[in-house]
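The values are calculated or read from the model by the stated rules, or taken from the named source; none is laboratory data. Nothing here was measured: the structure is a model prediction, and the numbers come from that model. With ideal geometry, Cβ positions are generated from the backbone for all residues, glycine too; neighbour counts draw on all protein chains shown. Keep in mind that these areas ignore ligands, DNA and RNA; they rest on the heavy atoms of the full protein, side chains included. Shrake-Rupley method; radii C 1.70, N 1.55, O 1.52, S 1.80 Å.
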Amino acid sequence: MTVFHARMIWLIGTLLWFAIRYPYQRRSRAVPKASSKDRRKERTLLAITGLLVHVVPMIYALSGWPQFADYPFHPAVAVIGAAVFAFGLWLFWRSHRDLGTNWSIALDIRAKHQLVTQGVYQYVRHPMYSAFWLNALGQLLLLPNWIAGPAGLFGIALLYFVRVAREERMMLETFGEDYRAYMARTRRLIPGIY
Ligand code: SAH
């Protein structure tokens, strides 16, 4: 494993990330929304997150810029990074499959929205955000660069901490006791821990 391989693994993994999302995005676009929360705030948040999670490391993976921020590469660290990234991709796919057309990129409630508590959602309430964290961690381990490596972690930290409490509030407003009971028996990101 060389830096070039690590950069290509990140790139292919990221292309897979979009390939996994694409069919679900198309399908849920056809389902009307019943309501949307904080539309402008969400759009800004998603733009900044996208820049940090995808654009900054993409520039590095393709061009090697910013070179001044490089640090020594350790193949074993990158191998662990590739494994973490792959696990994140698997979880990303499973959570899309379980959410189906209830998925939205922002804080939306669909017409005939159903509360999903099955599949990977029986273990944690936010498996898709767990997948984001895993991919960002994988990115940090794959890309030996002080800017491109941790950019994704900053991106997902921003998205997660600005959003998660509002998302749960929206789910409580929509599903009431069902969501409260679901919250009582699950954690947010890591089964049994957090
Ligand atoms: N936070 C979840 C989902 C992310 S997508 C996760 O990390 O897996 C965000 C949208 O999914 C929200 O706007 C909401 O409409 C929907 N959503 C979140 N949790 C849900 C659940 N348990 N069942 C159905 N829809 C859910």
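Computed over protein heavy atoms with a 1.4 Å probe, the accessible surface of the stretch 82-164 works out to 38 Å² per residue.
Annotation: amide H of Asp70 within the under-5 Å range of Trp146, sequence separation 5 or more or interchain, hydrogens built in the peptide plane. Relative to the longest principal axis of the C-alpha atoms of the chain, give the angle of the C-alpha long axis of helix 3-29, reported between 0 and 90° and rounded to the nearest 10°. For helix 3-29, the angle is close to 20 degrees. Remark: relative contact order (the stretch 30-150) = 42 percent; criterion is Cα-Cα distance under 8 angstrom and separation of 6 or more residues. Take every Cα pair under 8 Å whose residues are at least 6 apart in sequence, average their separation, divide by the length of the stretch 83-172, and the relative contact order is 32 percent. Each of Ile156, Gly176, Gln122 was scored by the projection of its Cα onto the charge dipole of the chain, and the greatest displacement toward the positive side belongs to Gly176; charges sit on the C-beta of Lys, Arg, Asp and Glu.
Within the shell defined by Cβ-Cβ distances under 11 Å, the residues around Val164 carry a net charge of +3, with Lys and Arg each +1 and Asp and Glu each -1. Considering only Ala34, Ala157, Ala148, the Gaussian network model of the chain with Cα springs below 10 Å gives its largest mean-square fluctuation to Ala34. You can think of it this way: the chain between Ile193 and Glu167 has 7.4 nm of extra reach, that is 0.36 nm per residue less the Cα-Cα gap.
Helical content of the chain, expressed as a calculated mean residue ellipticity at 222 nm, amounts to -22000 deg cm²/dmol (DSSP H runs of 4 or more residues, -39,500 (n - 2.57) each, divided by residue number, nearest 500). Helix 127-142 and the longest principal axis of the C-alpha atoms of the chain enclose an angle of approximately 10°.
Here the chain is described by how far its Cα atoms reach on the three principal axes: 52, 34, 27 Å, from widest to narrowest. Neighbours of Ala184 by Cβ distance under 12 Å: Lys/Arg scored +1, Asp/Glu scored -1, total +2. Could you let me know the centre-to-centre spacing of the stretch 81-104 and the stretch 161-194, using Cα atoms, in angstrom? After rounding, the separation between the Cα centres reads 19 Å.
For the stretch 179-194, the Karplus equation 6.51 cos²θ - 1.76 cosθ + 1.60, evaluated at θ = phi - 60°, returns couplings of 6, 4, 5, 4, 5, 5, 9, 10, 9, 6, 10, 10, x, x, 10, 9 Hz by residue, with Gly and Pro reported as x. Once the Cα atoms are used to define both axes, helix 75-99 deviates from the longest principal axis of the chain by about 20 degrees. Close amide H contacts of Arg187 (hydrogens built in the peptide plane, cut-off under 5 Å, sequence separation of 5 or more or a different chain): Arg125, Gly192.
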